[in-house]
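The values are calculated or read from the model by the stated rules, or taken from the named source; none is laboratory data. Here the structure is a predicted model, which means the values were calculated and not measured. Cβ sites come from the backbone with ideal geometry, for glycine too, and all protein chains shown count toward neighbours. With ligands, DNA and RNA removed, areas are computed over all heavy atoms of the protein, side chains included. Shrake-Rupley method; radii C 1.70, N 1.55, O 1.52, S 1.80 Å.
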Amino acid sequence: MREKSVKCERAMLVALLAFAVIALFVGTVAAVTHTEVESVTRTIEPDVVEPDAEFEVTLSITYTELPLVVGIVETMPEGYSFVNCPTEIPAGQCSASGDKVAFTVICKEGETGISEITYTVTAPSTGRGTFEGEFVDLLVLTPGYIDEDTGELHLEKLEERLLPIEGETMNRVRAVGEGAGAIEEGVTATPTPVPYVSTVTKASRSIPVLETGKEVATTFKDMDVSMIALKPDADASNVEVKIEKVERTPDIPEPSGTAYMYLDIAVENAGAAKIAGKVEFKVANSWIADNSIDEATVKLNRYDETGGNWNALPTSKVGEDDATVLFEAQTPRFSLFGVTGEKKEEVEAAAAAAATPAATAAPAAMQKPTPSPTAPPTPASKVPGFEVIFAVVSLLIVYTTVFRKRGKKGGNVK
Amino acid sequence: MRTKGIISIVLVTVLLASAVPLAVTPAAAYEKKIPGDANENGELTKDELVNAILPYMLDGGTLDDVGDAAYIYAYWDGEPMRVTDVAKRNVVLCRPVERVVPAGLLDGVRITIQLGAADKFVGINNFAKRYALMPSGYWSPIRDAASELKDLPDVGGYRDPNLEVILSLKPDVIFEYGPIPDFANTIQENTGIPVVCISNSQLDLDVYRLAGEVLGKEERAEELISYANEEIAKVTEVTSEIPEDEWPRVYCISGCEGLTMITKTWSRYDPLDIAGGINVAEGLPGFSPIVLKTQIIDWNPDIILIHGVSPPHAVSIDDVLEDLDLQTVNAVKNGSVNYTKGYMIGWDPATGLTECFYMAKLFHPDEFKDLDEEEEGNEILKKFYGVDGLYTKMLDLSDRYRWE
């Protein structure tokens with residue numbers, strides 16, 4: 001009981017502290033910016049859809065009090081199409097143009113507040129997409145600034161007023177062969193690989209606001225990297241993401257496996273925040289086919305400058321199209337990355353080796369030394385087996401000759 | 001009467017003549033229509049607002065018009081704001097006030113700071129800059145509460161504003177000093193920008209409502225008015241119980257309008273009345289009338305208060321005590337001559353409130369013996385200016401009487 005009471009007191013103390021911190025924060029924000037709309041958060045339901053299916057995207061608006069006038073714009077991913085305006089607002093308060101759809105939510109004081117709008121989207125037959133959006137609280141007053149060149153008055157710099165919509169960004173169409181059910185029926189075999197060449201090798205993005213623990217994604221077109229998501233452990237603003245396809249320099253060792261490409265991804269101006277995140281990247285079908293790469297072994301590897309070694313990151317296939325296979329990997333930091341895969345025969349050989357007794361000679365493929373910057377390559381003759389058996393047998397001999405003489409309690413030998 | 005009439009005509013002529021330099025080419029900086037009001041009928045409907053927002057969200061552009069339209073729809077019911085200022089002028093505002101130029105003296109500056117809207121200032125008049133913001137030996141709460149204002153562009157004086165500078169700052173409203181409405185009209189006509197006359201008339205606190213409405217700070221305005229009334233009640237609850245024949249007769253020496261003279265006084269001084277004193281000059285015509293010394297002798301005040309607390313003093317306590325003509329006056333015989341804060345380029349209701357407590361303790365020492373007027377003064381000024389210790393700082397920099 002007492003333990004429970006102490007736990008309860010601790011919980012209350014933590015809650016009170018949290019409330020005090022939040023109250024202080026909210027008070028400060030209100031005093032400085034008069035912002036009523038705290039955030040707009042997206043929910044995509046479901047995040048994996050059948051080909052050509054309709055699904056719903058919900059935007060939740062968090063605000064403290066009415067009145068509310070907020071403008072929202074969503075950018076549909078390529079191949080996705082907007083279907084229906086939200087029913088929560090009059091149809092006239094929604095307008096689509098190209099890949100964009102704009103909404104405005106207007107509630108005067110005394111009216112019923114609207115805190116959620118849901119619109120409908122149709123998915124493409126294959127692939128995946130990232131939703132992006134921004135909102136602006138139109139009731140925030142600021143003195144603004146005067147452009148020194150033109151003398152024109154601007155309320156704020158646009159990038160400071162338009163805030164990113166948070167929450168879920170990804171949707172994908174159920175991949176060919178994925179899961180059980182009718183989706184597999186009638187599906188043709190793996191499509192014939194078509195040549196894929198990325199046209200952009202360098203890009204950068206500016207992210208105005210990163211909030212602690214909240215993931216913000218940014219997409220890239222015509223690049224080997226299609227999306228990067230950032231998740232900071234502290235608030236940061238005006239963070240720059242720079243991505244460049246690079247060549248490995250001689251001072252950096254080769255990663256394990258067959259290398260496909262190297263990417264230098266830098267996150268700048270994050271201050272003290274440590275930024276983890278996700279990288280979504282494309283691998284050309286042609287490379288996989290030409291090099292007999294086992295798709296399941298494709299990995300994103302992060303180069304650890306401190307240790308001078310490569311670390312394979314958790315990587316999974318998330319989609320494909322006629323020319324590429326799309327993978328997503330989680331990374332604790334951003335730095336130099338290498339995409340690698342293993343040849344099918346290597347994988348098969350490794351699997352065979354694992355199932356073979358140690359005394360059996362290792363296949364030739366397994367004898368290839370694994371490069372490591374910290375330790376010299378292990379010679380093929382050092383394959384463990386005999387030494388281990390010898391050590392175990394020796395120990396057994398020592399045990400039977402010494403310990404058994406001492407008896408169970410290990411008394412003195414006289 | 002005839003002389004007064006001639007003087008009035010001459011003054012008006014001089015005033016208007018001095019306003020001639022104000023005539024500059026009207027600028028189209030301020031459109032007299034609500035942004036987003038597509039049919040220009042003076043009322044912004046929800047459909048018109050939606051038709052302004054959606055194209056902006058899809059195609060980008062500037063937020064100025066869209067944001068202003070949203071604000072007017074949400075807070076002004078889609079119509080322009082119409083206010084009657086302290087000079088009884090009707091002023092129409094077609095945009096929410098985000099940028100303010102205080103052209104007239106200090107009252108507009110003080111009230112805007114006290115309402116928590118100092119961040120809306122985009123320029124500052126040179127009186128405020130010179131006398132209330134730049135470093136000096138005398139006390140100014142503005143210097144502590146909003147020192148950043150000293151770096152704003154100088155928009156000229158309250159009688160000679162620099163309209164070119166004002167226009168370049170693109171204010172949504174200009175504040176002018178209440179007693180000179182002709183200047184306000186001239187500025188408005190020549191710039192197209194709405195000019196609202198703001199000035200304090202002692203403890204008439206309605207001006208906070210006017211400024212609060214213009215600045216979108218209505219809640220803060222009501223908060224300050226309620227607070228001020230509660231503070232006044234703290235004093236009147238005590239003084240109202242004291243028989244009027246026990247109230248001291250008080251004569252104030254005025255330093256208003258540039259010259260301090262023993263014979264210049266205040267015909268009205270609210271803190272004095274609230275504190276339980278009888279203003280011997282009450283009811284005299286004019287704001288700061290001049291009287292004869294014989295009149296002061298006839299009034300025979302118990303207490304004399306001299307306007308201004310910071311040295312050097314144009315009229316000091318010693319000047320009064322040593323004035324040979326006044327030796328028969330009770331206040332002089334008893335040495336009851338003190339300084340009081342009074343006006344400072346306009347009037348500050350916040351310091352006026354503190355004077356209520358100061359005078360109450362001075363007039364009725366027994367009834368207010370437990371009052372810590374320094375602590376009370378600090379509390380009042382913190383409420384209005386948001387800064388600790390302002391009253392103590394004032395006392396440190398002044399010659400005013402201070403209780404131990």
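Is it true that some residue in the stretch A:60-72 is in a loop (DSSP other than H, G, I, E, B), modelled with pLDDT under 95 and at positive phi? Taking every residue of the stretch A:60-72 in turn, none turns out to be in a loop (DSSP other than H, G, I, E, B), modelled with pLDDT under 95 and at positive phi. In summary, A:Thr112 fulfils each of the numbered conditions (1) more than 10 Å from chain B (Cβ to nearest Cβ); (2) closer than 30 Å to A:Lys317 by Cβ with the single exception of condition (2). Does A:Thr43 count as within 30 Å of B:Leu63 (Cα to Cα), modelled with pLDDT under 95 and among the β-branched types (Val, Ile, Thr)? So A:Thr43 passes the test. I'd like to check something: does the stretch A:68-76 contain any residue that is closer than 19 Å to B:Ile53 by Cα, touching a residue at least 12 places away in the same chain (Cβ under 8 Å) and open to solvent by 50 Å² or more (accessible area, probe 1.4 Å)? No: the stretch A:68-76 contains no residue that is closer than 19 Å to B:Ile53 by Cα, touching a residue at least 12 places away in the same chain (Cβ under 8 Å) and open to solvent by 50 Å² or more (accessible area, probe 1.4 Å).
Listed conditions (1) assigned to a loop (DSSP other than H, G, I, E, B); (2) within 17 Å of the chain's Cα centre (by Cα); (3) more than 14 Å from chain A (Cβ to nearest Cβ) are all met by B:Gly116, apart from (3). Restricting B:Val91, B:Val83, B:Val155 to residues that are in contact with a Lys or Arg (Cβ under 8 Å, 6 or more places away or on another chain) and at pLDDT 95 or above narrows the list to B:Val91. Residues in the stretch B:373-400 that are among the acidic types (Asp, Glu) and within 16 Å of B:Met359 (Cβ to Cβ): B:Glu373, B:Glu374, B:Glu376. Taking the stretch A:215-256 as the range and being in a loop (DSSP other than H, G, I, E, B), out of contact with any Pro (no Cβ under 8 Å at 6 or more places or on another chain) and either more than 30 Å from A:Asp321 (Cα to Cα) or open to solvent by less than 30 Å² (accessible area, probe 1.4 Å) (or both) as the test, the residues that pass are A:Phe220, A:Met223, A:Asp224, A:Asp233, A:Ala234, A:Asp235, A:Thr249, A:Pro250, A:Asp251, A:Ile252, A:Pro255. When B:Val165 is tested against (1) assigned to a helix (DSSP H, G or I); (2) open to solvent by less than 30 Å² (accessible area, probe 1.4 Å); (3) of a type in the set (Val, Ile, Thr), exactly one condition is not met: (2). Within the stretch B:344-391, restricting attention to residues that are in contact with a helix residue (DSSP H, G or I) (Cβ under 6 Å, 6 or more places away or on another chain) and among the hydroxyl-bearing types (Ser, Thr, Tyr), which residue is surrounded by the most Cβ atoms within 10 Å (Cβ to Cβ)? If we take residues in the stretch B:344-391 being in contact with a helix residue (DSSP H, G or I) (Cβ under 6 Å, 6 or more places away or on another chain) and among the hydroxyl-bearing types (Ser, Thr, Tyr), then B:Tyr358 is surrounded by the most Cβ atoms within 10 Å (Cβ to Cβ). Only one of these is loosely packed, with under 15 Cβ neighbours inside 10 Å, in contact (Cβ under 8 Å) with a residue 24 or more places away in the chain and in contact with a Gly (Cβ under 9 Å, 6 or more places away or on another chain): B:Glu244, B:Glu257. Name it. When all the criteria are applied, what remains is B:Glu244. Please find, among A:Ile72, A:Ile61, A:Ile146, the residue that is under 23 Å from B:Pro96 (Cβ atoms), in contact with a strand residue (DSSP E or B) (Cβ under 6 Å, 6 or more places away or on another chain) and away from chain B (no Cβ under 14 Å). Being under 23 Å from B:Pro96 (Cβ atoms), in contact with a strand residue (DSSP E or B) (Cβ under 6 Å, 6 or more places away or on another chain) and away from chain B (no Cβ under 14 Å) holds for just one of A:Ile72, A:Ile61, A:Ile146, which is A:Ile61. Quick one: in the stretch B:50-66, which of the residues that are in contact (Cβ under 8 Å) with a residue 24 or more places away in the chain and at the interface with chain A (Cβ under 7 Å from one of its Cβ atoms) is nearest to A:Ile106 (Cα to Cα)? Among those that are in contact (Cβ under 8 Å) with a residue 24 or more places away in the chain and at the interface with chain A (Cβ under 7 Å from one of its Cβ atoms), it is B:Val66. Annotation: A:Leu300 fulfils all but one of (1) open to solvent by 30 Å² or more (accessible area, probe 1.4 Å); (2) modelled with pLDDT of 90 or more; the unmet one is (1). Within the stretch B:153-175, the residues that satisfy the criterion of being within 11 Å of chain A (Cβ to nearest Cβ) and not charged (D, E, K, R) are B:Pro153, B:Leu167, B:Ser168, B:Leu169, B:Pro171. Going through (1) part of a loop (DSSP other than H, G, I, E, B); (2) farther than 30 Å from B:Tyr227 by Cα; (3) without any contact (Cβ under 8 Å) to a residue 40 or more places away in the chain one by one, B:Asp366 falls short only on (2).
For the stretch A:96-107, check the following and say yes or no: at least one residue is within 14 Å of another protein chain (Cβ to nearest Cβ), under 11 Å from A:Leu59 (Cβ atoms) and in contact with a Ser or Thr (Cβ under 6 Å, 6 or more places away or on another chain). Among the residues of the stretch A:96-107, not one is within 14 Å of another protein chain (Cβ to nearest Cβ), under 11 Å from A:Leu59 (Cβ atoms) and in contact with a Ser or Thr (Cβ under 6 Å, 6 or more places away or on another chain), which makes the answer no. When the residues of the stretch B:309-335 are filtered to those that are assigned to a helix (DSSP H, G or I) and acidic (Asp, Glu), the one that is nearest to B:Ile296 (Cα to Cα) is B:Asp325. A Cβ distance below 9 Å, combined with a sequence gap of six or more or placement on separate chains, defines the contacts here; from the stretch B:157-169, residues that are without any contact (Cβ under 8 Å) to a residue 24 or more places away in the chain reach residues that are open to solvent by less than 40 Å² (accessible area, probe 1.4 Å) and of a type in the set (A, V, I, L, M) in the pairs B:Asn162/B:Val155.
If only residues of the stretch A:104-133 that are over 21 Å from A:Ser81 (Cα atoms) and charged (D, E, K, R) are counted, the one that is most open to solvent (accessible area, probe 1.4 Å) is A:Glu109. Exactly one residue among B:Ile225, B:Ile296, B:Ile306 is surrounded by 16 or more Cβ atoms within 10 Å (Cβ to Cβ) and touching a helix residue (DSSP H, G or I) at 6+ places or on another chain (Cβ under 6 Å), and that residue is B:Ile225.
Residue count for the stretch B:67-98 satisfying the condition of being among the hydrophobic types (A, V, I, L, M, F, W, C), over 21 Å from B:Lys170 (Cβ atoms) and within 13 Å of another protein chain (Cβ to nearest Cβ): 1. If I ask for residues that are in contact with a Ser or Thr (Cβ under 6 Å, 6 or more places away or on another chain) and open to solvent by less than 50 Å² (accessible area, probe 1.4 Å), which ones from the stretch B:309-340 would you list? Those that are in contact with a Ser or Thr (Cβ under 6 Å, 6 or more places away or on another chain) and open to solvent by less than 50 Å² (accessible area, probe 1.4 Å): B:Val309, B:Ser310, B:Val315. Note on the stretch B:329-374: residues that are among the aromatic types (Phe, Trp, Tyr) and farther than 27 Å from B:Ile142 by Cβ total 2.
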